[in-house]
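Below is one structure, written out as structure tokens; the observations come after it.
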Amino acid sequence: MTILFDPLVHPFPDQAQPDPQTYWLAIAGTGPADDGPVTGEMDAEVAIIGGGYAGLSCALSLARDHGIRAVVLEARSSAWGCSGRNGSFARISGGRVPLARLLETYGEASARAYFDEMKQALANLKILIAEGGIDCDVQPDGVYKVAAFRAHAEGLRREAHLYNATFDYPARFVPPEALPGVHGGAEAFGALHLPDGFSLNPLKLAHGIHVLAREQGARIHANSPVTAWQTINGRHWLKTPSGTVRARHVVVATNGYTSPKLHAQLAGRVLPVHSQIIVTPPLSEAQIAASLPSGNCMFDTRSLLFYYRRLPDNRILFGGRSAISGEDAQAPRHRRYLQDALTRKFPALAGTGVDYWWGGWVAVSRNSLPFCYALPGVDNAYAAGGYAGSGVSFSIHLGTKLALMASGKPFKTGASFLTREPRRYPFPPLLRFGQWMAYRWLHAKDARQARKP
Ligand SMILES: Cc1cc2nc3c(=O)[nH]c(=O)nc-3n(C[C@H](O)[C@H](O)[C@H](O)COP(=O)(O)OP(=O)(O)OC[C@H]3O[C@@H](n4cnc5c(N)ncnc54)[C@H](O)[C@@H]3O)c2cc1C
């Protein structure tokens, strides 16, 4: 078995890395045509490292809005990273900081500006899908944040009020007696309804952006990992196994797949955290009625949360975090961890098998918020990432901001923390041990919540 790419161990995803065998791939099939590996030497105004949503959206925006035909360098193929493997929820999100903490830490003006960026990200994604004619199996609007413990219901009620009063957003609290028909099972003590998030086939979405970007003149080079990066007289030399790209501007869109070896300035700025998903076989009508009768996206209030939804063919997709390293990620106990959590939530699904199981690296910055900034001390280089597992709409949004910056225009936002260089994690050799300790502590915290009356 191939050891999975691990950004803290391997310098880049190499060609031995298989395509993840996801449900999305089974539905979407192999991707659209690309420009193959880089061969020989090539000049570009803008080179983009990483062909996920951020890189593809940046390439599309550069060509469409700024008249620049960029070159995308992707280690494997478009959306090989998170963008082709995610849980498929597009909602008002980016990073993982609760609204109350955001207000407390950054003040009302910054928090509102950030909320507006997230709202705009989702609205623009809807426009991109509609105007670009992207067929990506969009499911109905509406996301539920579900109280996994009785003690969490009151917090969701308060959160609904905060959404309404401070962010002028029509979230509402759904009491437990109104949940049947939406969410069955044992762990639903009320929910926060967020009206305008939706789900889709994430790989089909990426394929759609890829096609639009190429139609506008961008070049997308698959199997072209950047293996070395030098800057000589203000020009960036990006080496790949079979060629070199010389570029005036470089955009880094490698997010959770960023190796510290890519560039010293990038090292240690995100923690790659593994998130995994299982997909069940199609369920019976009785099982659906007892688990997820609605087709909405759900995530729960655990510290180590689970996210889940019913797919168009009546399977359930269920995700969460448990593995720490790439080496460990394929151990069957992580699949069992998700299966056990699924049947704890929905006892009617006991004995249900798993047809698909995969995982990917999300990027968590030290403040758990995304970033989009010019690399200090490196001429004409920009990076975005740090969505903490909530980046479907926001990475596409920041792709357009990266395009702004790479075309020489400023990214102006009232959420000034977005444009700052993220702080480095201290003690790199201890990162994984720290994460392991944090998981134990979070499990203990969840267990305490479960015991509360
Ligand atoms: C299991 C899972 C579930 C998720 N669920 C959700 C969800 O439901 N909703 C949500 O909003 N978000 C979710 N996310 C997060 C979301 O998918 C990401 O935030 C988003 O896709 C990030 O896009 P990106 O373009 O920044 O990075 P990615 O899509 O990860 O792309 C980075 C690319 O960089 C490439 N790369 C790395 N190094 C090099 C190199 N040296 N040279 C060239 N290329 C390189 C990689 O091959 C990769 O394709 C989930 C993520 C995972 C893993």
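Quick notes on this structure:
- Of the residues making up the range 35-53, those that are open to solvent by less than 40 Å² (accessible area, probe 1.4 Å) and outside any strand (DSSP E or B) are Gly36, Val38, Gly50, Gly51, Gly52, Tyr53.
- A Cβ distance below 7 Å, combined with a sequence gap of six or more or placement on separate chains, defines the contacts here; from the range 363-385, residues that are at negative phi and among the β-branched types (Val, Ile, Thr) reach residues that are part of a strand (DSSP E or B) and near the ligand (Cβ under 10 Å from one of its atoms) in the pairs Val364/Val273.
- For the range 54-77, the candidate set comprises residues that are more than 16 Å from the ligand (Cβ to nearest atom) and among the basic types (Lys, Arg); within that set, the residue that is most open to solvent (accessible area, probe 1.4 Å) is Arg69.
- Scanning the range 41-71 for residues that are within 16 Å of Gly385 (Cβ to Cβ) and of a type in the set (A, V, I, L, M, F, W, C) gives Ile48, Ile49, Ala54, Leu56, Cys58.
- Among the residues here, Trp229 does not qualify as assigned by TED's automatic domain parsing to the domain that holds Tyr382, open to solvent by 40 Å² or more (accessible area, probe 1.4 Å) and aromatic (Phe, Trp, Tyr).
- The residue list Pro13, Pro32, Pro18 contains one member that is within 10 Å of the ligand (Cβ to nearest atom) and either under 20 Å from Gly84 (Cα atoms) or assigned to a helix (DSSP H, G or I) (or both), which is Pro13.
- For the range 180-189, the count of residues that are within 13 Å of the ligand (Cβ to nearest atom), over 28 Å from Ser242 (Cβ atoms), surrounded by 23 or more Cβ atoms within 10 Å (Cβ to Cβ) and not acidic (Asp, Glu) is zero.
- Enumeration of residues in the range 157-171 that are closer than 14 Å to Val146 by Cβ and open to solvent by 100 Å² or more (accessible area, probe 1.4 Å): Arg157
- Taken over the range 78-102, the residue count meeting the criterion of being within 11 Å of the ligand (Cβ to nearest atom) and not in a loop (DSSP other than H, G, I, E, B) is 5.
- Candidates Ala111, Ala147, Ala121 - the one that is more than 16 Å from the ligand (Cβ to nearest atom), surrounded by 21 or more Cβ atoms within 10 Å (Cβ to Cβ) and not assigned by TED's automatic domain parsing to the domain that holds Pro180: Ala111
- Residues of the range 258-276 satisfying the condition of being more than 20 Å from the chain's Cα centre (by Cα) and within 11 Å of the ligand (Cβ to nearest atom): Lys261, Leu262, His263
The values are calculated or read from the model by the stated rules, or taken from the named source; none is laboratory data. Everything numeric here is computed off the predicted structure, so don't read it as measured data. No Cβ is skipped: glycine too gets one built from the backbone with ideal geometry, and neighbour counts run over all protein chains shown. All accessible areas refer to the heavy atoms of the entire protein, side chains included, with ligands and DNA or RNA removed. Shrake-Rupley method; radii C 1.70, N 1.55, O 1.52, S 1.80 Å.
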